[in-house]
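What follows is a short report on a single structure.
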C-alpha cells in the first residue's frame, strides 16, 4: 500500500491502467462472439448494431 501511495501517478491513471486492458480484451471478445453468431450460426441482429456495442461498452466498464 505504501508503494502505491508514493508512486508518481494519479488515482485516475492507476484505475485506468488496471481496468482498461481487461475492458479492451472483453470488448474484443464481445465482437468475436457476435461475429461468430452472425457468420457461423446465422443469427440475425435486429436493431442497431452500434447500440449493441455501446451497451456492451457500458456493461464492461461498469463491471470492471
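The values are calculated or read from the model by the stated rules, or taken from the named source; none is laboratory data. Owing to the predicted nature of the structure, the values given are computational and were not obtained by experimental measurement. When we count neighbours, we look across all protein chains shown, and the Cβ atoms used for this are built from the backbone with ideal geometry, even at glycine.
A few comments on the model shown:
- Taken together, the residues in segment 23-40 that are touching a helix residue (DSSP H, G or I) at 6+ places or on another chain (Cβ under 8 Å) and either more than 25 Å from residue 55 (Cα to Cα) or modelled with pLDDT of 90 or more (or both) amount to 5.
- Only residues that are surrounded by 10 or more Cβ atoms within 10 Å (Cβ to Cβ) and assigned to a helix (DSSP H, G or I) were counted in segment 35-57, giving 11.
- Figure legend. Inter-residue proximity from segment 28-53: first residues at negative phi, second residues surrounded by 10 or more Cβ atoms within 10 Å (Cβ to Cβ) and in a loop (DSSP other than H, G, I, E, B), beta-carbon distance below 9 Å, spacing 6+ or different chains. Indicated pairs: 34/43; 34/45; 37/43; 37/45; 38/45; 52/45.
- Number of the condition not met by residue 20 [criteria: (1) loosely packed, with under 10 Cβ neighbours inside 10 Å; (2) out of contact with any helix residue (DSSP H, G or I) (no Cβ under 8 Å at 6 or more places or on another chain); (3) assigned to a helix (DSSP H, G or I)]: (1)
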